[in-house]
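Below is one structure, written out as structure tokens, with a few remarks after it.
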Amino acid sequence: MTHVPHPTAPPGPSDEPSDVAARSHMVGVAGVTQRFGAVQALSAVTLDFPAGQVTALMGENGAGKSTLLKILTGDHQPTEGRVLIDGESVSLSSPADARAAGIRIIPQEPEIIPHITVAENVYAGALPRKAGRLLDRRELRRRITADLDRLGFAEVLDPGLRGHELTPAQRQLVEIMRALTGAVPPKAIAFDEPTSSLSEHEVDALFALIRRLRDQGIAIVYVSHRMQEIFQLADRIAVLRDGCLAGVQQARTTNEGELVRLMVGRDLAGMFVRQRVATDRLVLDVKNLTTDDVTDIDLRVHAGEIVGLAGLIGAGRSELALALVGDLPVRSGSATLDGVPLRSGRPRRAIRAGLGLAPEERKAQALFLQQTIRENTSLVVLGRLRRFRFVRRSAERELAQRFTDRLRVRTPSIDHEVRKLSGGNQQKVVLARWLARKPKVLILDEPTRGIDVGAKAEIYQIIADLAAEGVAVLVISSELPELLGLADRIVVMQSGRITGELAHHEATEESLLALAMAGDLAGTSAPGATS
């Protein structure tokens with residue numbers, strides 16, 4: 001759960017966006033259009049990324065952000081238009097060309113080789129050699145030690161660790177080291193959704209590094225859906241919509257509402273408006289549940305109720321969800337769903353009882369990316385679709401099409417591979433699967449992580465519709481405004497324990513943060529804290 005204030009005056013932005021063709025700058029594009037067959041991903045985009053400034057790049061999924069980054073980093077060559085470096089047109093026919101020109105990217109999912117060390121990962125492709133082909137390990141140690149000290153990573157990154165042993169934050173640091181080392185110093189570095197797997201402390205450290213790079217005169221491109229991060233970090237904000245540049249705003253003079261209007265073409269101020277429909281019928285009843293990760297959890301969720309589960313990273317929220325669905329062993333206590341006991345090690349029994357879980361890592365834990373929307377949607381209802389042990393394909397297609405239409409999944413067809421969908425549409429496929437199962441309780445773990453603001457509004461409406469149909473919904477989220485807008489009440493966890501509960505009308509960001517940090521507030525009493 002990350003809470004950052006809006007800055008009063010970000011340092012250094014100019015008052016007006018510059019004319020790319022008119023003045024020298026580190027990196028930019030002029031009149032760039034990108035077509036893939038009949039699909040036009042970018043249309044006549046002219047945009048610069050000035051040296052010594054952080055330019056945030058925002059837009060809905062499918063707006064063209066990734067395509068623009070791939071043009072800058074040599075993965076795509078534009079159909080029309082030019083890439084400019086230091087005011088001169090350049091041809092970037094490969095990522096190697098872009099790197100040689102001083103352009104780097106920190107991808108959202110770091111590309112780490114699992115079986116080699118941090119040092120070997122950092123210098124992959126440029127390892128020091130001796131006697132022709134042998135790896136010069138002494139020179140490798142000298143080089144990695146010097147670079148770790150220079151970048152300030154020595155205390156958090158062991159150069160001898162293997163790739164598969166790294167935490168998400170450490171994997172990202174390896175990518176950053178790759179970007180900052182080499183014969184050509186970087187002129188521009190793009191960060192693509194860099195905080196999606198980081199704790200609040202790690203986010204603060206990353207932002208300090210980005211500011212240091214900015215102050216050294218490097219152009220920073222920062223791609224994120226998180227408004228609070230954008231206002232904390234960016235000097236200027238460029239918004240893409242439907243492949244076109246919708247506008248460039250100075251961070252100190254714009255606001256969230258204006259950015260949303262630029263991104264989606266409409267005001268989403270009413271995205272959380274819904275009728276509260278919670279009933280007295282208890283559906284999920286958890287008593288004194290204890291696992292290796294959570295202790296003495298008491299939690300009750302009623303039909304038609306949306307309960308938020310808040311807490312800092314490591315609070316035990318996801319572990320509680322996995323214990324309820326049967327994926328993690330329970331040491332003591334109990335959980336029942338409509339009177340049916342939920343047993344550890346029995347996920348199928350939990351599903352049959354009416355429990356659904358959309359996990360945080362949808363790509364790794366929820367979706368079969370190489371399979372189609374149809375196959376992913378029908379996964380938990382195949383028993384209903386079988387006849388004489390064979391799946392009735394017509395029934396499967398009808399079911400998948402019905403929920404794809406209901407959730408407005410943007411796709412050419414239900415036989416489209418899930419890996420080719422945007423993040424928001426992938427999440428809708430996960431939800432379609434559980435809607436097809438008709439759950440009594442649905443647990444949503446970070447349901448809008450990595451999703452653009454327009455898709456978020458659609459997901460919120462789906463959650464509200466589920467509650468209106470009598471489904472009990474437990475929403476785990478690190479975004480406080482999301483919980484405050486969605487939930488009838490919010491339960492807060494810290495270090496595997498519940499520290500308090502607040503009703504919708506009494507919850508604020510400050511009171512939730514106080515409960516989330518209750519154990520760290522020595523000598524203070526958090527509002528709403530339980531004994």
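FYI, it's all coordinate maths here, none of it is from the lab. Just so it is clear, the model here is predicted, and its values are computed rather than measured. Positions of Cβ are generated from backbone atoms using ideal geometry, with glycine treated the same way; all protein chains shown enter the neighbour counts.
Only aspartates and glutamates eight or more places from K420 in sequence, or on another chain, were considered; those with a Cα closer than 17 Å are E60, E109, E361, E375, D452. Placing R0 at 35 angstrom, the Cβ-Cβ distance between R281 and Q365 gives a FRET efficiency of 0.70 after rounding to 0.05. Hydrophobic, long helices, defined as DSSP H runs whose alpha-carbon span along the helix axis is 15 Å or greater and whose mean Kyte-Doolittle value is at least -0.5, occur in the chain at 168-180, 200-215, 423-437, 453-468. Less than 12 Å Cβ to Cβ from I85, Lys/Arg counted +1 and Asp/Glu -1: what total charge do the surrounding residues give? After counting each charged neighbour, the total is -2.
Considering only L355, I498, Q370, the residue lying farthest towards the positive end of the dipole of segment 282-520 is Q370, judged by Cα position with unit charges set on Cβ. Listed by chain and number, the lysines placed with their C-alpha closer than 20 angstrom to that of K438 are K428; residues fewer than eight positions away on the same chain are left out. Mean residue ellipticity at 222 nm, helices only, the chain: -9000 deg cm²/dmol; runs of at least 4 DSSP H residues each add -39,500 (n - 2.57), and the sum is divided by the number of residues.
A simple charge model with +1 on the Cβ of Lys and Arg, -1 on the Cβ of Asp and Glu and nothing else charged puts the dipole of the chain at about 2320 debye relative to its Cα centre.
For K287, a cut-off of 20 angstrom between C-alpha atoms picks up these lysines, skipping any fewer than 8 places away in its own chain: K440. Rounded to the nearest 20, the size of the Cβ-charge dipole of segment 282-520 about its Cα centre is 1860 debye, with Lys and Arg at +1 and Asp and Glu at -1.
Counting 0.36 nm for each residue step from R346 to T79 and taking away their Cα separation leaves a gain of 90.8 nm. Once you charge only the Cβ atoms, +1 for Lys and Arg and -1 for Asp and Glu, what is the size of the charge dipole of segment 332-471 about its Cα centre, to the nearest 20 debye? Roughly 760 debye, rounded to the nearest 20.
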